[in-house]
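*Asks:* My questions all concern the structure below.
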Amino acid sequence: MPTLRASTAYLLGLGLPLLLTAACQSNSGSSETTAAQPAAADTAQTAAPAAGQAKFLSAPLVRDIYTADPSAHVFGGRIYIYPSHDIDANVPEDDNGAHFAMRDYRVLSMDSVGGKVTDHGVALDIKDIPWAGRQLWAPDAEFKNGTYYLYFPVKDKQDVFRLGVATSTSPTGPFKADAKPIAGSYSIDPNVFTDSDGQSYLYFGGIWGGQLQRWRSGQYDDKVAPNQPAGEEAYGPRVAKLSKDMRSFAGPVTEVKILDEAGKPLLAGDTKRRFFEGGWLHKYNGKYYYSYSTGDTHLLVYAVGDKPTGPFTYKGVIMNPVQGWTTHHSIIEHKGKWYIFYHDTELSGKTHLRNVKVTELKRRPDGSIETIEPMTGATASR
Ligand code: FUB
């Protein structure tokens, strides 16, 4: 999560004086549909930057609410997106990301990329999660056993991030949350991946405001500093097998190892490559691709391995920095093409009011991923 210093510097020094649309100031409302803008559109005129300053690769998928952290899945041939629902809760910004004070989830869907986007309304509200305290962050979803499972991070009443699960008979909810968090879960950004043998895995974790470092000893300890000494092995994301009913861990939580080209674990000082948050696992040609955000260096990068639990070897950058501090993504295949869903702050210019987008993900013949430049112009560099 952004530090106050970093995000303020960005907003003062580089951020665009973007205009809020009146519609975007409303954060509630019933289900409605919105026409998706075609990917690769130049949306400069709707974002209201000064002429010639910035061009965005893709357009926001919805414009009447703020959305972030898009976890996309194909269920029954249709694309469903499970994003965070950003709101302006008037919570002062701090180093732990308190200003990301989201309170519900809404599901978006579309027949195909470029088609009409449907907003299905509130799928789960924080008030209906018995153990929740505050901050409903990036979710993910899976379909199994005839049930849709929504995985979510939220701080419990002791202000410790835990992961919860909620179920529905519909991909769009409403979802009913289990009475307690998943036993043994912690930190943020759950991502579920089901392998071809039917085994599902839950990946999770995020440093700094995501609290992963506080579990360094195996116990929660809020005295652990967010930043590690540069020469230490960087904290890795976590993974655990999910039980058949998808509501608990079926084995131990293990640390995912991300290695450099020499087979050595990435170090904490290697901030352009080490894991920060927002992990996503997908499989391509029998290889496992683990991608994630580098946080304070604002990159989406990927590493490749032979097993779902790793180790993974760092391979490169998927996406250069977007406008905004956070960057978060998901990757799916639909109708023979691969897509990356991501977010930026085109609509608001504010760190915590983001909008989800999609663009095509292209690979070279050897399976490596081409780097995407999400914007060009004055604000593309930091
Ligand atoms: O949306 C809140 C947090 O911001 C997510 O959990 C992180 O991945 C970052 O996108």
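The values are calculated or read from the model by the stated rules, or taken from the named source; none is laboratory data. Being a predicted model, the structure only gives us computed values, none of them experimental. All Cβ positions, glycine included, derive from the backbone under ideal geometry; neighbour counts span all protein chains shown. Quick note on the areas: whole protein, heavy atoms, side chains included, nothing else; ligands and nucleic acids left out. Shrake-Rupley method; radii C 1.70, N 1.55, O 1.52, S 1.80 Å.
*Asks:* Given the criteria surrounded by 11 or more Cβ atoms within 10 Å (Cβ to Cβ), under 24 Å from LEU259 (Cα atoms) and either within 21 Å of the chain's Cα centre (by Cα) or among the acidic types (Asp, Glu) (or both), does ASP178 qualify?
*Replies:* no
*Asks:* What are the residues in the stretch 346-374 that are over 14 Å from the mean Cα position of the chain (by Cα) and of a type in the set (S, T, N, Q), if any?
*Replies:* Answer for the stretch 346-374, where residues must be over 14 Å from the mean Cα position of the chain (by Cα) and of a type in the set (S, T, N, Q): SER348, THR351, THR359, SER368, THR371.
*Asks:* Let me ask another. Name the residues in the stretch 86-116 that are assigned to a strand (DSSP E or B) and surrounded by fewer than 22 Cβ atoms within 10 Å (Cβ to Cβ), would you?
*Replies:* ASP104, SER109, MET110
*Asks:* Answer yes if at least one residue in the stretch 295-309 is of a type in the set (Lys, Arg) and either part of a strand (DSSP E or B) or open to solvent by less than 10 Å² (accessible area, probe 1.4 Å) (or both), and no otherwise.
*Replies:* Within the stretch 295-309, not a single residue is of a type in the set (Lys, Arg) and either part of a strand (DSSP E or B) or open to solvent by less than 10 Å² (accessible area, probe 1.4 Å) (or both).
*Asks:* Taking the stretch 320-332 as the region of interest, how many residues are within 13 Å of the ligand (Cβ to nearest atom) and hydrophobic (A, V, I, L, M, F, W, C)?
*Replies:* 2
*Asks:* Here is a follow-up. Does any residue in the stretch 298-323 that is closer than 18 Å to ALA54 by Cα and in contact (Cβ under 8 Å) with a residue 40 or more places away in the chain come within less than 9 Å, Cβ to Cβ, of a residue that is in a loop (DSSP other than H, G, I, E, B) and acidic (Asp, Glu) six or more places away or on a different chain, and which pairs are these?
*Replies:* Going by the 9 Å Cβ cut-off, the qualifying pairs are MET319/GLU373; ASN320/GLU373; VAL322/GLU346; GLN323/GLU346.
*Asks:* Another question about this same structure. From TYR235, TYR186, TYR203, grab the single residue that is touching a strand residue (DSSP E or B) at 6+ places or on another chain (Cβ under 7 Å), assigned to a loop (DSSP other than H, G, I, E, B) and either within 16 Å of the ligand (Cβ to nearest atom) or of a type in the set (Asp, Glu) (or both).
*Replies:* After ruling out the rest, the residue left standing is TYR186.
*Asks:* Further question: For the stretch 335-371: of the residues being on the phi > 0 side of the Ramachandran plot and open to solvent by less than 20 Å² (accessible area, probe 1.4 Å), which is farthest from the ligand (Cβ to nearest atom)?
*Replies:* Filtering the stretch 335-371 for residues that are on the phi > 0 side of the Ramachandran plot and open to solvent by less than 20 Å² (accessible area, probe 1.4 Å), the one farthest from the ligand (Cβ to nearest atom) comes out as GLY367.
*Asks:* Which residue, of ASP64, ASP69, ASP104, ASP128, is away from the ligand (no atom under 16 Å from the Cβ) and in contact with an Asp or Glu (Cβ under 8 Å, 6 or more places away or on another chain)?
*Replies:* After ruling out the rest, the residue left standing is ASP64.
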